[in-house]
Structure formats: C-alpha cells, structure tokens
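Read through the structure below, which is laid out as structure tokens, and then see the notes.
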Amino acid sequence: MRIIQPMGKGDETRTAVLDHALREASRVGLEGLSIGNLARDLGMSKSGLFAHFQSKEALQIQVLERAAARFFETVLAPALAVPRGEPRLRALFESWMGWSQACELPGGCVFVAAAAELDDQAGPVRDTLVRIQRDWFEALARAASLAASEGHVRRDLDAEQFAHDLYAVILGYYHAHRLLRDPRAADRARRAFEALLAQARP
C-alpha cells in the first residue's frame, strides 16, 4: 500500500503559488508570467518566491506540470471511473469541454494558449508542453481502442485518427466559445462528437 505523506508548509506554498500562476497563465500566457507580479499578488517577497523556482523558465515548466495534474484530476480520473468503451469516451468529451471552467481558469485552456505561444519556440518549456499533449493523445487513442475491444466502435478503427479528430472538435469548440462567443458552440461541438462516434460505430 502506498503511504501518502502530508504536504509540508513549503509544498503547500508552492502549490498555492502554482495554482495562482496557472490562473494567470490562462489569462496572460506563459510569457506574461512574472515572479515579481506573482509575489505582489500573493503578498510574498520576490526573493522568497524566487527561491521556489529559481528562474522564469522553471516557473513556466512547473505551471504546465501543475496544469497537467489538474487536468488529470478534472478530466481523466473521473472518466476512468466510468465503464470503458463509449461511456468513457463520452465522459472524457464532456469533462474536457468543461475543464477550464471547473478549474476556474479565467482565460480558458492553458494548453491551447501555450500551444499558440510555443509552437515555434524551441526549448524545455515547449518540450514539456509537447510531452503533456502527446500523453493526452495517447490516452484518447487508448480510450478509443478500448471502445473497439468492447464492440462499441469498429474493431478496425484507427484509434490515433479518432483521437486526432476528437481533438479537432474540442479546438473548434474553444475557438467558437471563447473567441467568437458563439452561444451554440457547445451544441455544435456535441453534434460533431456524435457524428464522429456514428462514423466509428460498427
């Protein structure tokens, strides 16, 4: 049995800082994060905050890692409690659509924003984002493969293509919902998801 150690004061402080930084990153982007501004917002000294992260790049990487942990808690973990196959795909889709609201991210999905910032910026921050996104693609493809093994979709389904197409539906939803303020964005996304599932069924 794994024993969970209680968090120390330093860990609690770091988590509080990262949660605040995550909300800020969703609003101003990773490049917009500032150790000085975070220290001011949280009533900490700049030197005290710097001791936790050492550099802006380290802060950005840890914000992405914190976002990945929150994403797992909010989207993936609840879906894994749902029976595998089509029910799990539906749970993933619905939780994914609502995850930025569930985590109180004022600027929306930090991964979508970071992808626009970092797509042509080489370095450790981009590498972290790419790894997180590849892990998520693999989780989606695995869920699609399990749906095939359950007989809910075709057994010869290209699971990676399904994951790609599902990701495109979500990106379209974010664009319509956040940029265009389309009141029908969620309905359109659900219709696209149902069409994707219908196409995949035996």
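The values are calculated or read from the model by the stated rules, or taken from the named source; none is laboratory data. Remember, it's a predicted structure, so these values are computed and weren't measured experimentally. Every residue, glycine as well, gets a Cβ built from its backbone with ideal geometry; the counts of neighbours run over all protein chains shown.
In the stretch 139-184, what residues are closer than 16 Å to Val75 by Cβ and either touching a Ser or Thr at 6+ places or on another chain (Cβ under 9 Å) or of a type in the set (A, V, I, L, M, F, W, C) (or both)?
Ala139, Leu140, Ala141, Ala143, Ala144, Ala163, Leu166, Val169, Ile170, Leu171, Tyr174 - these are the residues of the stretch 139-184 that are closer than 16 Å to Val75 by Cβ and either touching a Ser or Thr at 6+ places or on another chain (Cβ under 9 Å) or of a type in the set (A, V, I, L, M, F, W, C) (or both).
Picking from Phe72, Phe50, which residue would you name as being free of Cβ contacts under 8 Å to residues at least 24 places away in the same chain, surrounded by 14 or more Cβ atoms within 10 Å (Cβ to Cβ) and within 26 Å of Ala176 (Cα to Cα)? I'd like the intermediate steps shown before the answer.
On the way: Phe50 fails: within 26 Å of Ala176 (Cα to Cα).
Exactly one of Phe72, Phe50 is free of Cβ contacts under 8 Å to residues at least 24 places away in the same chain, surrounded by 14 or more Cβ atoms within 10 Å (Cβ to Cβ) and within 26 Å of Ala176 (Cα to Cα), namely Phe72.
Kindly provide the set of residues from the stretch 74-87 that are more than 17 Å from Ala195 (Cα to Cα) and either of a type in the set (Ser, Thr, Tyr) or not in a loop (DSSP other than H, G, I, E, B) (or both), ordered by number.
Of everything in the stretch 74-87, those that are more than 17 Å from Ala195 (Cα to Cα) and either of a type in the set (Ser, Thr, Tyr) or not in a loop (DSSP other than H, G, I, E, B) (or both) turn out to be Thr74, Val75, Leu76, Ala77, Pro78, Ala79, Leu80.
Write out, first by first residue and then by second, each pair whose Cβ atoms fall under 9 Å of each other, whose residues are 6+ apart or on separate chains, and whose first residue, in the stretch 146-169, is farther than 10 Å from Ala200 by Cβ and in contact (Cβ under 8 Å) with a residue 60 or more places away in the chain while the second is crowded, with 18+ Cβ neighbours inside 10 Å and among the basic types (Lys, Arg).
Leu146/Arg88
Looking at the stretch 98-113, can you tell me whether even one residue there is without any contact (Cβ under 8 Å) to a residue 40 or more places away in the chain, within 30 Å of Gly151 (Cα to Cα) and either touching a helix residue (DSSP H, G or I) at 6+ places or on another chain (Cβ under 9 Å) or in a helix (DSSP H, G or I) (or both)? Steps first, please.
To start, the set of residues in the stretch 98-113 that are without any contact (Cβ under 8 Å) to a residue 40 or more places away in the chain comprises 98-99, 101-102.
Then drop every residue that is not within 30 Å of Gly151 (Cα to Cα), which leaves 98-99.
So of that shortlist, the ones also either touching a helix residue (DSSP H, G or I) at 6+ places or on another chain (Cβ under 9 Å) or in a helix (DSSP H, G or I) (or both) come out as 98-99.
Scanning the stretch 98-113, I find at least one residue that is without any contact (Cβ under 8 Å) to a residue 40 or more places away in the chain, within 30 Å of Gly151 (Cα to Cα) and either touching a helix residue (DSSP H, G or I) at 6+ places or on another chain (Cβ under 9 Å) or in a helix (DSSP H, G or I) (or both), so the answer is yes.
Quick check on my filter: what residues within the stretch 174-195 are surrounded by 15 or more Cβ atoms within 10 Å (Cβ to Cβ), within 13 Å of Arg90 (Cα to Cα) and small (Gly, Ala, Ser)?
Matches in the stretch 174-195: Ala189, Ala192.
Does the stretch 165-173 include one or more residues that are modelled with pLDDT of 95 or more, crowded, with 16+ Cβ neighbours inside 10 Å and over 18 Å from Gln101 (Cβ atoms)?
Yes, the conditions are met somewhere in the stretch 165-173.
Within the stretch 148-187, track down each residue that is closer than 16 Å to Ala198 by Cα, in contact with a Lys or Arg (Cβ under 7 Å, 6 or more places away or on another chain) and either β-branched (Val, Ile, Thr) or assigned to a helix (DSSP H, G or I) (or both).
Correct list: Ala148, Val153.
Of everything in the stretch 13-59, what is hydroxyl-bearing (Ser, Thr, Tyr) and not in a helix (DSSP H, G or I)? Give them in sequence order.
Ser34, Ser45, Ser55
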